[in-house]
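Read the structure below first, then the notes.
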Amino acid sequence: MEWSLESVREMVAGGMQSVRECEICAIAIAMCVLLLFLWYCYRVGREHGTSPLRGRYLSGPGRIGGVVGGFMSSDCRGRGKGKHGSLLEEQNGFAFCQSSECFRCTSAGESLNQRLYHSLQEYAKRYTWSGMGRVHKGVRDQGRYLNSRPTIQRPEVFFLPDLPSAPFFSREVQRHDVELLEQSFPALLAEFESIYHQPPARSGSSLPPGWKANSTPRGQWWTYYLVNQGTPLVLNVRRCPRAWRVLGQLRTFIANNVFGNACFSVLTPGALITEHYGPTNVRLRCHLGLRVPQSCELVVGGEPQCWSEGSCLLFDDSFLHRAFHDGSPEDGPRVVFMVDLWHPNVAAAERQALDYIFTPGRLEDREGK
């Protein structure tokens, strides 16, 4: 190749043209990346904002209010006194408390949806978003999860996605607490006897102090709560110090949110608890058999099981379930000690967040702000 001034000029001109073309390409690529980033920020902002919550939690009216099976809190009963006071006293289980201040007994709406999401955001700001993937997903998409669940499992209030589901669970999943309850069988049975055989609380009533009658199509179903929706019932606790001590020794008892309950539950001969769903799949309900006559059965998700005295049954009450006692009057009542334990696959960080979001009174208090 012969070098000349003209050839050098051509090479320099070509190089400058290539540089200019590369700059244009680089600028175009940078603009595309910037536009993609802005689009991503817009989508994330919509996802974390309140507008996507509208209408996504529950489609039908009263979905939250459909809580059944003894989950009316003592706070609700207190606020519902007066016009609805007698109704609450008599039914206490399947009836609504009629209080506009109770988030579990009001119709689901935009305000409840926003309160639930805002509580999660408050928790994340105060603590962390780390480990909140499933909780965030569950809170954000409750409507889709609850409405798309099969009829065999349909929690009434809150569904945490990606949890293993089964009607009954092995005792090994919560071995420590199951063994502790079974070891406490004599003490719990004795304490039941002491509160069950007390004289009626008032004239005209057949129930001893602290007991509540639940609505059933036939027979009698009575409950004696130590903890109801995360709230200890002080007078009942004072009458049952040994049972309260056992609760304090459990490692997985749900003690700090509205999904946690502990009670003595009695079914008289001929009683039927009709089919219903529990409020959430984040817990396992544990029944310790105290008195179990023949012809008593618990059916969860279509699977029947029988209680056994001194042994625990673990089941997921977000599955459709019912219980009955078809024995004769001579058989006496079926009695269990019931506690709500965490589902073993709910992580510690998720438990802490759910305790914060569903602290008794938190969501009701926000409504008045």
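The values are calculated or read from the model by the stated rules, or taken from the named source; none is laboratory data. Remember, it's a predicted structure, so these values are computed and weren't measured experimentally. When we count neighbours, we look across all protein chains shown, and the Cβ atoms used for this are built from the backbone with ideal geometry, even at glycine. Keep in mind that these areas ignore ligands, DNA and RNA; they rest on the heavy atoms of the full protein, side chains included. Shrake-Rupley method; radii C 1.70, N 1.55, O 1.52, S 1.80 Å.
Taken over region 291-318, the criterion of being in contact (Cβ under 8 Å) with a residue 60 or more places away in the chain and touching a Pro at 6+ places or on another chain (Cβ under 7 Å) is satisfied by 291, 300, 301, 303, 315, 316, 318.
Only one of the listed residues (205, 165) is surrounded by 12 or more Cβ atoms within 10 Å (Cβ to Cβ) and without any contact (Cβ under 8 Å) to a residue 24 or more places away in the chain. That residue is 205. With respect to (1) in a helix (DSSP H, G or I); (2) closer than 19 Å to residue 338 by Cβ; (3) touching an Asp or Glu at 6+ places or on another chain (Cβ under 9 Å), the lone exception for residue 146 is condition (2). Each residue in region 324-369 was checked for being at pLDDT below 90 and of a type in the set (Lys, Arg), and 3 of them qualify. Only one entry of 285, 251 meets the criterion of being within 10 Å of residue 339 (Cα to Cα) and not acidic (Asp, Glu), and that entry is 285.
Rundown of residues vs (1) more than 20 Å from residue 156 (Cα to Cα); (2) touching a Lys or Arg at 6+ places or on another chain (Cβ under 9 Å); (3) among the polar types (S, T, N, Q), yes/no style:
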position	(1), (2), (3)
296	yes, yes, no
311	yes, yes, yes
317	no, yes, no
320	no, yes, no
332	yes, yes, no
338	no, yes, no
350	no, yes, no
358	no, no, no
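Is it true that some residue in region 177-184 is of a type in the set (S, T, N, Q) and open to solvent by 70 Å² or more (accessible area, probe 1.4 Å)? Yes, the conditions are met somewhere in region 177-184. The residue pairs whose first member lies in region 171-198 and is among the β-branched types (Val, Ile, Thr), whose second member is in a helix (DSSP H, G or I), and whose beta carbons are closer than 7 Å, counting only pairs six or more residues apart or on different chains, are 178/171; 195/239. The set of residues in region 276-313 being of a type outside the set (A, V, I, L, M), over 25 Å from residue 191 (Cβ atoms) and part of a loop (DSSP other than H, G, I, E, B) consists of 277, 278, 279, 281, 295, 301, 302.
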